[in-house]
């Protein structure tokens, strides 16, 4: 195999490796995008749960105040 053929083979191998890495990079970008979206959804759900919990705590404080008022009478 002459030098030009070896060089062409190496160039082809590099091109194939580059294309493979580009494809892998695009797949990883898509996976990252999906993970970010899932994280945003979970953050939103967490915020909703925290708000609901705060409302429940207020309700509990009101009930407790009523019970204490009844027992204090």
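Any read-out appearing in this document is the output of simple, stated calculations on the displayed coordinates, not a laboratory observation. Only a predicted model underlies this, so the values are computations on that prediction, with no experimental measurement involved.
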So residue 26 and residue 40, fully extended at 0.36 nm per residue minus their Cα-Cα distance, gain in nm 2.9 nm
Reported label for calculated Cα extents along the principal axes in Å given [x] 48, 34, 17; [y] 105, 12, 7; [z] 39, 24, 20
[y]
